[in-house]
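Report on the structure given below.
What follows is calculated from the coordinates using simple rules that are stated; it is not laboratory data. As the structure is a computational prediction, the values presented were derived from the model and not from experiment. All Cβ positions, glycine included, derive from the backbone under ideal geometry; neighbour counts span all protein chains shown.
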Amino acid sequence: MSKFAFTGTGVALITPFRKQDTIDFSRLENLINTIIASGVEYIVALGTTSEAATMTDNERSALRDFIIETTAGRVPVVLGVGGNNTRQIADTIAQTNFDGICGILSVAPYYNKPNQKGLVQHFSHIAEVSPVPVILYNVPGRTGVNMNAETTLQIAHDCPNVVAIKEASGNLAQVMEIIRNKPANFHVISGDDALTYPMIALGASGVISVIANALPQEMSNMVRLALKGDWKKALPLHYRMLPLMNALFEEGNPTGVKELLEIKGLISNNLRLPLVKASKQLQNKISALYHSFSE
C-alpha cells in the first residue's frame with residue numbers, strides 16, 4: 001500500500017451522523033461499499049469533509065479503524081493528520097497505528113498563519129516522523145495562508161517522504177509553476193472538483209473529491225478519461241457535473257454533499273455544529289440539479 005502512486009480519484013469521505021449526533025456506522029459501511037464498487041482509486045479518511053474537527057479523539061480512532069476494516073484492502077486509505085501545532089501532530093503520528101494506511105494528508109497550519117519558512121519547517125518535521133508517505137494540503141480559503149509554489153517545490157525536492165500536494169488554492173498559475181518544476185515522482189492532486197479537468201490537462205494526477213461521495217462512478221470515469229488524454233469524452237462529463245459541483249459548495253462543505261447524499265437515500269442529512277443543514281433554497285437547487293443530471 002505504501003507504494004501507491006496517488007493517481008486517479010480519491011474520495012474525501014463524509015461521516016454520516018444520526019439525529020442523536022452519534023456516528024452512523026451502518027450508513028457509513030454502505031457508503032464505503034458503494035463508493036468502492038463504483039471504481040474510485042482510494043479513500044481519504046478524517047479529512048475536512050469528514051467533520052473530524054468536531055470529533056473526540058476516541059471517535060476519530062474508532063472511525064479510522066472502522067474505515068480500514070470496511071475497506072479491507074480493496075482500495076488504499078489515506079488518513080487526515082493535520083493541525084496548527086507541529087509538536088502535537090508529531091505526537092499523534094507517533095501514537096497512531098498505521099496498519100492499513102498508505103499515506104497521510106496534512107493540511108497547512110491554520111489560524112496562527114505561519115510564514116513560508118515556518119511552513120517548510122512544519123512539513124519537514126512531519127515528513128521526518130511519518131512512517132508513511134505525506135500529501136501536503138494547501139487550502140488558503142480555510143487556513144488563511146497560501147503555501148506558494150516555491151515553498152511546495154522546496155519541500156518536494158528536500159523531503160523524499162512528501163510525495164504529493166492536494167492543491168486547493170484555485171490559482172492555476174501557481175499549480176502550473178509547481179507542475180513545471182516538481183520532481184518526477186511528486187504528484188499534484190486537485191483539491192477542487194470543478195478545477196479537476198483543467199488541472200489534469202496541465203499535468204495533475206487526479207483529484208481528492210467531495211462530489212465523488214455521491215457521484216463516484218461519474219467522477220472517477222471523468223478523471224480516468226482525462227488521465228488517458230481522452231479529452232473529447234471527459235469534457236462532456238465535466239460540464240455535466242459542473243453545476244452540481246458548484247452548488248455543493250455554496251453554503252460550505254460538507255453541507256451540500258450531505259444534502260445530495262440524503263436526496264439519493266444514502267444517509268440522513270445530519271451535521272455537527274457549528275455546521276448546519278443547507279437552506280431550503282439550496283436544498284431545492286441541489287434537488288433540481290440532481291434530478292436534471294439523472295435524466
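Calculated [222 nm] ellipticity per residue, helices only, for the chain: -14000 deg cm²/dmol; basis is -39500 (n - 2.57) per DSSP H run with n ≥ 4, divided by all residues, nearest 500. With each label modelled as a point 7 angstrom along the Cα→C-beta vector, the SER124-ASP99 pair spans 3.5 nm. Considering only beta bridges that DSSP places wholly inside the range 28-187, some 0 percent are antiparallel. Taking amide H as placed 1.01 Å from N in the peptide plane, VAL162 has its amide H under 5 Å from the amide H of VAL134, each at least 5 places away in sequence or on another chain.
Charged neighbours of ASP65, selected by a Cβ distance under 15 Å, balance to -3 (K, R count +1; D, E count -1).
Rounded, prolate or oblate: which fits the range 67-200, taking a ≥ b ≥ c as square roots of the Cα gyration tensor eigenvalues, rounded meaning a/c under 1.5, else prolate when a/b beats b/c? It is oblate, given that a/c is not under 1.5 and a/b is not larger than b/c.
Taken about its Cα centre, the chain carries a charge dipole of roughly 400 debye when the Cβ of each Lys and Arg holds +1 and the Cβ of each Asp and Glu holds -1. Work out which trypsin sites (Lys or Arg not before Pro) in the chain are exposed loop sites (DSSP not H, G, I, E or B, at most 15 other Cβ within 10 Å) and give the longest gap free of them. Between exposed loop sites, the widest span is 75-227. May I ask you to list the residues of the range 44-75 whose amide nitrogen lies under 12 Å from a point 7 Å from Cα along the Cα→beta-carbon direction of LEU275? Inside the label zone: 46-55.
Among beta bridges identified by DSSP and lying wholly in the chain, the antiparallel ones come to about 5 percent. Binning the alpha carbon pair distances of the range 215-295 at 5 angstrom intervals from zero yields the distribution 3, 15, 24, 22, 15, 11, 7, 3, 0, expressed in whole percent.
Between PHE293 and GLN88, the simple label model (points 7 Å from Cα in the Cβ direction) yields a spacing of 3.5 nm.
Seen through its C-alpha gyration tensor, with square-root eigenvalues sorted a ≥ b ≥ c, the range 158-295 comes out prolate because a/c lies at 1.5 or above while a/b is bigger than b/c. Computed over Cα pairs, the Kirkwood radius of the range 26-119 leads via Stokes-Einstein (1.567 mPa s, 4 °C) to a diffusion coefficient of 90 µm² per second.
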